[in-house]
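To keep things clear, I will list the structure first and then write my remarks on it.
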Amino acid sequence: MCGIVGYVGPKRAQDVVIDGLRRLEYRGYDSAGIAVVHEGELALAKRAGKLANLDKVLADTPLPPAHTGIGHTRWATHGRPNDVNAHPHTGGARRVALVHNGIIENFVELRSRVEADDHVFLSETDTEIVAHLVELQVQSGVDLPTAMQRVCQQLDGAFTLVAVDAEDPDRVVAARRNSPLVVGLGEGENFLGSDVAAFIEHTREALELGQDQIVTITRDEVTVSDFWGRPVEAQRFHVDWDLSAAEKDGHDWFMRKEIFEQPRAVADSLIGRRTTGGLLQLDEMRLADEEIRDLDKIIIIACGTSFYAGMVAKYAIEHWTRTPVEVELASEFRYRDPIVDATTLVVAISQSGETADTLQAIRHARSQRAKVLAICNTNGSSIPRESDAVIYTHAGPEIGVASTKGFLTQLVACYLLALYVAQVKGTRFGDEIDEIMVQLEAMPGHIETVLAQSDAVYELARAHTSTRSVLFLGRHAGYPVALEGALKLKELAYLHAEGFAAGELKHGPIALIEDGLPVLCVVPPRGRDQLHGKMLSGIQEVRARGARTICLAEEGDSTIEPYADDLVRLPRVPVLLQPLVAIVPLQLFACELATALGHDVDQPRNLAKSVTVE
Ligand code: M6R
């Protein structure tokens, strides 16, 4: 939530900061703002709504040609999304400007302390008090880094803070606790960003920061300390994707571009996973074979789409390794006193690596001595950094708020994990693992085959613009696909959409069926006859009550034809791998329907890409 940018260098700060915010806008778009330091004074502009609103303000009244600046794009937590609550906020003397991502939990108490000294607050935010406190510190004579340290020592909660001081024009100071922040290392210029997209146009060299750290950037120097001023060595890394990966490439939406990138993303996530001898290798695994053999339970924790990837993983891991798997919403995990110990492997799935609910859950798991393995798409983010091991997915940057290629590559990582555990525990023979790997390696081609039907799916979607409700049915690994299909439609088309396990329908939800209600059905492959037959019965039951069925069924499955009002064909793949192809038409359907309804697909209302508050 919230995107943050900071810059010091020879370029015009307004241009660098606004371009950075444009790439971070997916993180929040309730308001946007910028502050620059010029000739000993702050110049500020901020506006409610999307960055385009701020663009208009700056087109009419550009900021002075400063070389130091900070910017913010907001996902509101405290205070409505209006101009006043937009960041940056300043101290009372307008000497310090500050932007913030996260929540300051003790802001009321801090605010009442200074309100007694006649400080006037303009906004309803939890941020403004921090600007006041930092300003009080610099007014007392300390420099900006020291001021930031002293203030951070008083703060509770999660925060990334970035500040400038009008009387210290060549320096930007930032702090982080439980919220993301990376440093971009340029030549004679340096950058700060919530993620590397903020500065990828300028540099691909970056520093990752740890918990409770303060970073100071000038044109030529980057210094990192902890909240008590002790120097810290930050970890340098190279960003292996470039600007073109963050652009739309001719598509109308990032989401559509990302859907079409899925064959490549899946292929990339499979590269280098086998030794020349054919054994599976997961470089970033960092768990000893002994530890894996001793596992007696796996708990998967995640949120949203990543949670549904975890549900698919349960079917694969249990089937291939005979190890019990629980899948749990990260936001619920630590509040129920879960039974976790040193023989439990906790798998945290997160595209962004910054989801606060997941981060807190892994901290709880580690405090109970469990090993934590992260499945993550974002190098250097908090979740892999705080885990014992990580499998990186190689989806490339995912900008669309609705996760697509993130999901598919998470599935691949889950399959790889399952096979790896099977290899180490010896629950599958080497040739069985080989066979599944060959099937996985064929998936990019199968996904291409599904994408080739996009026009037919788009037509179907456009025929549903007046629909108010859609149900999704699936069984086995198709059940999480149904849930994920419904989530896509909710978040993009703002429709009532619900996914059900098809067998559960008759226990209540079938009462929802009425004439003409569209029901999307993920039909399992015929190899699993019982499953397939049961699904067919479920489809007949809803059809008999007036539903219009849109069935996703494998090529050559003629048994489905009498029961499908519309039919989308899927390639023939094993049931456990079917989610990799079955979700694709559902993503296309949601994207196109939302487009036809005139919604902003990349920035759906009320959402943010990365949810860094609990
Ligand atoms: O970055 P994460 O994978 O941890 O994010 C989890 C969810 O917030 C995310 O999947 C969300 O549900 C997406 N908007 C779904 O499209």
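Coordinate-derived values only; no laboratory data. What you are looking at is a predicted structure, and each value in this text was computed from that prediction instead of being measured. When we count neighbours, we look across all protein chains shown, and the Cβ atoms used for this are built from the backbone with ideal geometry, even at glycine.
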When the convex hull of its Cα atoms is projected in every direction, mean area for region 79-159 (nm²)
4.9
Looking at this model, which pairs from LYS297/LYS488; LYS50/LYS257; LYS371/LYS488 are more than 23 angstrom apart at the alpha-carbon?
LYS297/LYS488; LYS371/LYS488
For SER367 and ARG322, calculate 0.36 nm times their separation in residues minus their Cα-Cα distance, and state this gained length in nm to one decimal.
13.6 nm
Give me the log10 of I(q) over I(0) for region 342-494 at q = 0.10, 0.20 Å⁻¹, as the Debye formula computes it from C-alpha points; what are the numbers?
-0.48, -1.38
At THR465 and ARG264, where each label point lies 7 Å from the Cα along Cα→Cβ, what is the point-to-point distance in nanometres?
3.1
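Restrict the search to region 145-228; then list the GluC sites (Glu not before Pro) that DSSP places in a loop and that have at most 11 other Cβ atoms within 10 Å of their Cβ.
GLU221
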Cut-off under 5 Å, modelled amide H: who pairs with CYS551 long-range
CYS521, ASP565, ASP566, LEU567, VAL568
Show the residues, 5+ positions off or on another chain, whose built amide H is closer than 5 Å to the amide H of GLU326.
ILE298, ILE299, ILE300
Compactness summary of region 484-614: radius of gyration and Dmax from Cα atoms, Å, are 15.8, 48
Can you tell which of LEU487, ALA590, LEU505 lies farthest toward the positive end of the dipole of region 448-592, using +1 and -1 charges on the Cβ of basic and acidic side chains (Lys, Arg; Asp, Glu)?
LEU505
Given 584-594, 17-27, the highest-first ranking by average Cβ count within 10 Å works out to 584-594, 17-27
Please report the projected area of region 257-361's Cα convex hull averaged over all directions, in nm².
8.1
Kirkwood Rh, Cα Rg: Rg to Rh for the chain?
1.00
Given unit charges at Cβ for Lys, Arg (+) and Asp, Glu (-), the dipole magnitude of region 258-301 about its Cα centre in debye, nearest 20, is 180
Checking rank on 128-134, 267-273, 513-519, with mean other Cβ inside 10 Å and highest first, the result is 128-134, 267-273, 513-519
HN-Hα couplings for region 224-241 via Karplus (6.51, -1.76, 1.60; θ = phi - 60°), in whole Hz with x for Gly/Pro, come out as 10, 9, 8, 5, 10, x, 7, x, 10, 8, 8, 8, 8, 8, 9, 8, 9, 10
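What ranking do 296-309, 458-471, 415-428 get when scored by the average of other Cβ atoms within 10 Å per residue, highest first?
Output ranking for 296-309, 458-471, 415-428: 296-309, 415-428, 458-471.
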Spacing of the two label points (7 Å from each Cα toward its C-beta) at ASP117 and ASP240, in nm
5.0
Listed by chain and number, the residues whose amide H is under 5 Å from that of HIS78, excluding neighbours fewer than 5 places away on the same chain and using placed H, are ASP126
What size of dipole, in debye to the nearest 20, comes out for the chain about its Cα centre when the only charges are +1 on Lys and Arg C-beta atoms and -1 on Asp and Glu C-beta atoms?
1080
Relative contact order of the chain, defined on C-alpha pairs under 8 angstrom at six or more residues apart (%)
12
Taking +1 at the Cβ of each Lys and Arg and -1 at the Cβ of each Asp and Glu, which of ILE200, LEU451, ALA544 sits farthest along the dipole of the chain towards its positive end, judged by Cα position relative to the Cα centre?
ALA544
